[in-house]
Structures are given as C-alpha cells and as structure tokens.
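The values are calculated or read from the model by the stated rules, or taken from the named source; none is laboratory data. What you see is a predicted model; the values in this text were computed from it and never measured. With ideal geometry, Cβ positions are generated from the backbone for all residues, glycine too; neighbour counts draw on all protein chains shown. Side chains are part of the model used for accessible areas, which takes the heavy atoms of the whole protein and leaves out ligands, DNA and RNA. Shrake-Rupley method; radii C 1.70, N 1.55, O 1.52, S 1.80 Å.
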Amino acid sequence: MSVLVFAENWEGRFKKSTYEAVSYAAEIARQLNTSCTAVVIGAVSEEDKKGLGKYGATKVLSVANDKLKNLEAGVYTHILGDAAKSVGATHVVISFTYTGKAIAPRLSVRLKAGLVSGAIALPTSLSPFTVRKKCYSGKGLTDVVISSEIKMVAITPNSYKVNTGGADAAVEVFSPAIPDGEFKVVSKEVKKTSGKIALTEAELVVSAGRGMKGPENWGMIEQLAEALGAATACSKPVADMGWRPHHEHVGQTGITIGPNLYIAIGISGAIQHLAGVSSSKVIVVINSDKEAPFFKAADYGIVGDAFSVVPQLVEAVKKLKAAHN
Amino acid sequence: MKFLVCISNVPDTTTKIAFSDNKGLNPAGVQFIINPYDEIALTRALEIKEAAGGTVTVLHVGGAGAEPNIRKALAIGADDAIRVNAEPTDAYFVACQIADIAKKNGYDVILTGRESIDYNGAQVAGMIAELMNIPCISVATKLDIAGTEAVLEREIDGGKEVVSVALPFVASAQKGMSEPRIPNMRGIMTARTKPLQVVEPVAADCITASTAYELPPAKQACKMISPDNVSELVDLLHNEAKVI
Ligand SMILES: Cc1cc2nc3c(=O)[nH]c(=O)nc-3n(C[C@H](O)[C@H](O)[C@H](O)COP(=O)(O)OP(=O)(O)OC[C@H]3O[C@@H](n4cnc5c(N)ncnc54)[C@H](O)[C@@H]3O)c2cc1C
Ligand SMILES: Nc1ncnc2c1ncn2[C@@H]1O[C@H](COP(=O)(O)O)[C@@H](O)[C@H]1O
C-alpha cells in the first residue's frame, strides 16, 4: 500500500495547486499509515524537489528528459503508470487543473483505477473509499465510492489547505523507457496569458459585468484588482461583446473558479454565471438593483452605483494595505 | 473524414436542482438538453464535413429518453446516430461502450465535450483515447484538419497551446471551437428519416458509483453594507471574513 501524487510544475516551478495536491496525498497516506511519493516530470530545481517533503512527500521520483517539456498526456500517463507500479501505489492523487484533466482519465484506465475528478475535500471514508465532489455545475454535491483496487482522486485547486512542516524528501531519478513512437502530439506554439495573475489560480478575483456600460470603464476594475492583488474576470456577454478577453469569462460556459474572495460588480447573477463562481469562499456583490439575484448567493452586498462605490473601495483597500505595510 | 461525436443528455442550464431522497436527481419538471459542449463539438464536425466532405455520426450511451435530443443532433445536421441502450452508470463504463463502437467502425476523429454539466467529470474523452491507444487533446478551443493532420488549440495552465496531431485522435471541445447552430425546419423534417441505430452494451465494469447527493449548504443571509460606508466592507473582509 502506498500513495502516489503527481507534483505538476509550470515551466520548472511548482504552483500552489501542486502543494495542495501533495498535502492532500500525504494526509491520505498518514491516515492509511503508509508513505507518500511524489512524481516530478521535467526540469525542476533539486531544492524545490526536496522541498516537497515540507508538504508531506517522503520520496520524490524525478523524471527529466528534454522531450518532456510540453504536456503529452499519453507519455505522462506512461510515466505515472510505471511510477505507480514501482511503488505499489494503491491511491493516486493529481490536481484537477488542465494538466490533470488531460492525464487523470488516461491514467485511471491504465491503472484500472476508479477516478473521482473535482474532489473538494479529503475522503469521507477510506473503506469504502468515498470522496465528495460537486455535481450539476456546483448546484449539487455527491459522494462517490470507488470500488476498484486502486483509487484515484483529482483534487480541485484551492479546496484543500496546504500542510507544512515535513522534512526534506529523498529525491530519486526515475527513468522509465519511453519509445519514440509514444510522442504523438507536436507542440507548435505556447501562448501565455500575459504576466498578470492566472484566473484559475487566483485567491482573489474582481469581476465585472454589463453594468459597467462599456470597456472604457474597466480602469476602476483594474485598479481595484491591482490594489487587492487580484485577478480580473467578467461575465459572458462582456466577453462576447469584446469588452474583455475571452479567457476572463467565468461561468457555465467559461472558467470555473473557487477563489477565497469573488467581488462581482454590475453582474446580475444569472444561474449560468453562478455555476462558475459558486465555490468561491466569500462573495461580494455590488449592484445598483437591490433585486439582483446575485445578492442571494452573496456574503456581503452593497446596493449602489458601481461608478461611485468602486473608486471608494479602491481607496479603502489602499488605506488598509498602507496600514499593514 | 469520419467523425464520431459523443453526446450526453443533461438538465438544462437553468434547472433548479432537487434530489429525491438524496439518491439522485428529481426529474420532475426538468428539461433535458444536449450537453452544451457536445453541441460545440457537433457543430465543428459539421463545419469541417461541409468544407471537406465526410460523415458525422452522433453517439449516446443511455436510455430511450434521450432520443428527442439525439433527433435534435440529427436535425442540426448529423448524418446518423447510434444509441447504446444502457444506463450510463460511470465514465469508465461509458468510455468502454464508445471505444468498442469506435474500434468496430473506425472513425478519424472522435469528439466529446470538455465535460458534462451534470457530472462535471471531464473523464470520458481521455478514457476513450487510452482504451484505443490514440492521442487525446483535451479542452480544445480550435480544431482544423488538413489531410491526415489536425491542428488544435487547447487550454493549458497559464495559457493556450497550439498542437498538431495525426488522425485518428480524440478531442474534447471547449467554447471557442464553434458557435452552436439552431436546427432549421428542413433539418427537423429530414432528421425523422435519418438512421438511429440502437445497440446493446458490451460488458464493462463500473468502478465508481455516486451513492448520495445533497444540495450545497444554504448561504447565510447576505450582510448589506451602505454605499455611503464602503470602508466598512473592507473592514469586514479583513477582520471578519479574513480574506484580505
Ligand atoms: C447556455 C448558456 C450558458 C451561459 N453561460 C454563461 C457563463 O458562462 N457566464 C456568464 O456570465 N453568463 C452565461 N450565460 C448568460 C447569463 O444567462 C446572463 O445573461 C449573463 O450572465 C448576464 O451578464 P451580466 O450579469 O453581466 O449582465 P446583465 O444581466 O445585463 O446584468 C447587469 C447587472 O448590472 C447591474 N447594473 C447596471 N448598472 C449598474 C451600475 N451603475 N452599478 C452597479 N450595477 C449596475 C444591473 O442591475 C444588472 O444586475 C449563459 C447563458 C446561457 C443560455
Ligand atoms: N452517456 C454518454 N453518452 C455519450 N457521450 C457521453 C456520455 N457521457 C459523457 N459523454 C461525453 O463525454 C464528455 C465528457 O463527459 P464527462 O466525462 O462525464 O464530463 C461529454 O461532453 C460527452 O461528449
């Protein structure tokens, strides 16, 4: 029995979601009284690899190879499948990120392991192995029981707190043979979203909708985001009209996020919008219409004109930040 | 070019979800639709077929209750349809059915949605690909095919990536790949006579089961703050909610 976790990196750096996944896997290992091994694919510094021990990994299998720079789900599955066999993994944890979404279902077939994707908490029971996830786009919760011998969980980013305090992990080189024929997807271009905070990883998000009247009014939204250190998002019509880029669109048909704080400005709160943001821990709604449905899903609300409330909010946040610096 | 588009049958996006005895969705008053991402996949397959020739088959694993939506896919323009007559009990079971049909019939491109909006699994596409030992491009926002090679754009953590891959492959569609179409009168008329084949499932295991459902805990009442006292909101977020 042992627990394996895929410690995903982006351009050589681990992300918060990686530390969450390692912490989650280590906690399952602790409950099962076994060890937690992390797999790292690609070039990551020795320091960072050892550092996964802090989050509870006891061993790190490090796979480095020039050809592994871009995500090739088939090849990553091969590596993780071999790693799972080599440590006798009974439980496999992966982040429910785009990378995780590409790999987890393949790996689950390869290991014939039942997969709960989008888990939001630790297993509610280890036997039978039961994990809670959202369903109906956040409108419901369901407990999923895995009956296969190997169990897999893909954990939603920002839903599990990182543990710290462990000692350095032992790093071992792991080099499964991968035939050239397994590389089937050719990466032609990577288009990075510009320097700002990535929406899917942001802890704080400032979002605005059609109530802003036009793209020329987004200055105050960006100022608020900057004062908070938040990412910016928007409603669907705003992206459809070209006021904001499509990658900011959250909701049923856009990105699903679960930040610690979601501030919705001039957004009515249609059910399709809520589907993408209802996992936010705290929701603030600023809307001039006191009947706006979003208030029903909010923790804090201001009925008021965004054009006067938001600039005041920017000043108040700046004051708070200044007082705490 | 032979396309297979997998469609799942899901509650309309505006459905108010209720569960019967926490054992499953209470279907009373629920309108079922083609999963929105699957419609995006279907439309892109049709666009490519119209430009380059070929056929588009839609496939659903599930009971006869989904037939109106299968007919809708035919009305939008698919050439024929297959329904595997079995409860879609888990993603692995569904993927085994789809892979079996795909192996028998030999498609060039197998498309699914990015995720189904009922179970939100994002599992079926990758599972089909692994079962067939072919590549899968997940969460694809663009798809173009020239000859035996396809170029896709997909979402990755931190941006987007353009990739190329040889046929056959699986891809899961994300918004951006196409704009769904509304069936026209002619489509609706011809859909009635298009072939809809019902086949029995192959044996496959279910390795997961949703055993209980519940609604998310109700939100506490929203705390209202006066627009004349905006700094109070910042205080509350800092001291009470502790998120800033
Ligand atoms: C299949 C489907 C999928 C969809 N997917 C999504 C999705 O993923 N994401 C999404 O967002 N939507 C989605 N929608 C659309 C959704 O139904 C709503 O139409 C949309 O969310 C509304 O956007 P909005 O709130 O910005 O605009 P509106 O509904 O027009 O709301 C604007 C709000 O701004 C307020 N307002 C106006 N002036 C001010 C002011 N000066 N100060 C403060 N407030 C002001 C108004 O009171 C109003 O509440 C989808 C719809 C369908 C049918
Ligand atoms: N019962 C089903 N029949 C056919 N295709 C399905 C079925 N369930 C899921 N799919 C396809 O798989 C995609 C992803 O579903 P899921 O893995 O459940 O999120 C959907 O968008 C569909 O294209």
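Observations on the structure shown:
- Carbon + sulfur, % of accessible area of chain B - ligands and nucleic acids excluded, 1.4 Å: 52 percent
- Surface analysis of segment B:3-86 yields an accessible area of 35 Å² per residue, using protein heavy atoms and a 1.4 Å probe.
- Environment charge at A:Thr90 (Cβ cut-off 11 Å; Lys +1, Arg +1, Asp -1, Glu -1): 0
- Structure-based [θ]222 nm, chain A - -39500 (n - 2.57) summed over DSSP H runs of at least 4, per residue, nearest 500: -8500 deg cm²/dmol
- Note on B:Asp144: accessible area is roughly 80 Å² with a 1.4 Å probe, heavy atoms of protein only.
- Gyration tensor (Cα) of segment A:194-295, equivalent ellipsoid semi-axes in angstrom: 17, 16, 14
- Positive end of the dipole of segment A:1-142 (Cβ unit charges, origin at the Cα centre): among A:Leu126, A:Ala26, A:His91, the Cα lying farthest that way belongs to A:Leu126.
- Computed over neighbours whose Cβ is under 11 Å from that of A:Pro237, the net charge equals +2, Lys and Arg +1, Asp and Glu -1.
- Residues B:Asp235 and B:Asn22, FRET efficiency given R0 of 41 Å [Cβ-Cβ distance, rounded to 0.05]: 0.55
- Cβ-based charge dipole, the protein assembly as shown, positive-most Cα from A:Gly165, B:Tyr119, B:Cys136: B:Tyr119
- The mean of 1/r over all distinct Cα pairs in segment A:2-182, once inverted, gives the Kirkwood hydrodynamic radius of 16.0 Å.
- The mean accessible area for residues of segment A:3-48, using a 1.4 Å probe and ignoring ligands and nucleic acids, is 35 Å² per residue.
- Length released on extending from B:Glu149 to B:Ser226, taking residue separation times 0.36 nm less the Cα-Cα span: 21.8 nm
- Chain A and chain B together bury an accessible surface of about 7000 square angstrom, both sides counted, with a 1.4 Å probe and no ligands or nucleic acids included.
- Efficiency of FRET between A:Asp48 and A:Lys321 - r from beta-carbon atoms, R0 30 angstrom, step 0.05: 0.55
- Farthest towards the positive end of the charge dipole of chain B, among the residues B:Leu59, B:Ala95, B:Pro36, is the Cα of B:Leu59, using unit charges on the Cβ of Lys, Arg, Asp and Glu.
- Derived scalar couplings ³J(HN,Hα) [segment B:39-49; Karplus, 6.51 cos²θ - 1.76 cosθ + 1.60; whole Hz; x for Gly, Pro]: 5, 5, 4, 4, 4, 5, 4, 5, 4, 5, 4
- Greater than 25 Å apart at Cα, pairs in A:Lys134/A:Lys191; A:Lys196/B:Lys175; A:Lys134/A:Lys318; A:Lys69/B:Lys160: A:Lys134/A:Lys191; A:Lys134/A:Lys318
- Residue-wise HN-Hα coupling along segment A:255-266, computed from phi with Karplus coefficients 6.51, -1.76, 1.60 (Hz; x: Gly, Pro): 8, 9, 10, x, x, 6, 9, 10, 9, 9, 10, x
- When the convex hull of its Cα atoms is projected in every direction, mean area for chain A (nm²): 17.8 nm²
- Order of exposure, largest accessible area first, which applies to B:Thr57, B:Thr190 with probe 1.4 Å: B:Thr190, B:Thr57
- Here chain B carries DSSP beta bridges of which approximately 45% are antiparallel, counting only pairs with both residues inside.
- Put the Cα centre of segment B:182-240 next to the Cα centre of segment A:35-104 and the gap is 31 Å.
- The charge dipole of chain A, taken about its Cα centre with unit charges on the Cβ of Lys, Arg, Asp and Glu (plus for the first two, minus for the last two), comes to roughly 420 debye.
- Shielded residues, segment A:134-181 - accessible-area loss of 20 Å² or more between chain alone and all protein chains, probe 1.4 Å: A:Cys135, A:Tyr136, A:Ser137, A:Lys139, A:Leu141, A:Thr142, A:Asp143, A:Val144, A:Val145, A:Ser147
- Taking every Cα-Cα distance in segment B:100-244 and sorting them into 5 Å bins from zero, the calculated P(r) comes out as 2, 7, 11, 12, 12, 12, 12, 9, 7, 5, 5, 4, 2, 0 percent.
- With DNA, RNA and ligands ignored, accessible area of A:Lys290 (1.4 Å probe; Å², nearest 10): 140 Å²
- Taking amide H as placed 1.01 Å from N in the peptide plane, the amide H of A:Ser278 sits under 5 Å from none that are at least 5 places away or on another chain.
- With contacts taken as Cα pairs under 8 Å and at least 6 residues apart, chain A reaches a relative contact order of 14 percent.
- Exposure rule at most 13 other beta-carbon atoms within 10 Å, DSSP loop GluC sites (Glu not before Pro): chain A longest free segment: A:150-290
- Alpha-carbon Debye profile of segment B:2-216, log10 I(q)/I(0) at 0.15, 0.17 Å⁻¹: -0.96, -1.23
- Rounded Å value of the spacing that divides the Cα centres of segment B:83-106 and segment B:110-161: 17 Å
- If you take all other residues with their beta carbon under 13 Å from the beta carbon of A:Phe294, and give Lys and Arg +1 and Asp and Glu -1, the sum is +1.
- Computed label-point distance, nm, for sites A:Glu149 and A:Asp180 using a 7 Å Cα→Cβ extension: 3.6 nm
- Magnitude of the charge dipole, the protein assembly as shown, Cβ model with Lys/Arg +1 and Asp/Glu -1, debye to 20: 300 debye
- Per residue, segment B:99-244 exposes 46 Å² of solvent-accessible protein surface, assessed with a 1.4 angstrom probe and all protein chains in place.
- Evaluating 6.51 cos²θ - 1.76 cosθ + 1.60 at θ = phi - 60° for every residue in segment A:304-313, the Karplus couplings come out as x, 7, 3, 5, 9, 6, 5, x, 5, 5 Hz, glycine and proline recorded as x.
- Evaluated at q = 0.06, 0.07, 0.10, 0.11 Å⁻¹, the base-10 log of the normalised Debye intensity for the protein assembly as shown, with identical point scatterers placed on the Cα atoms, takes the values -0.30, -0.41, -0.86, -1.04.
- Extension gain, A:Lys69 back to A:Asp289 (0.36 nm per residue minus Cα-Cα distance, nm): 74.2 nm
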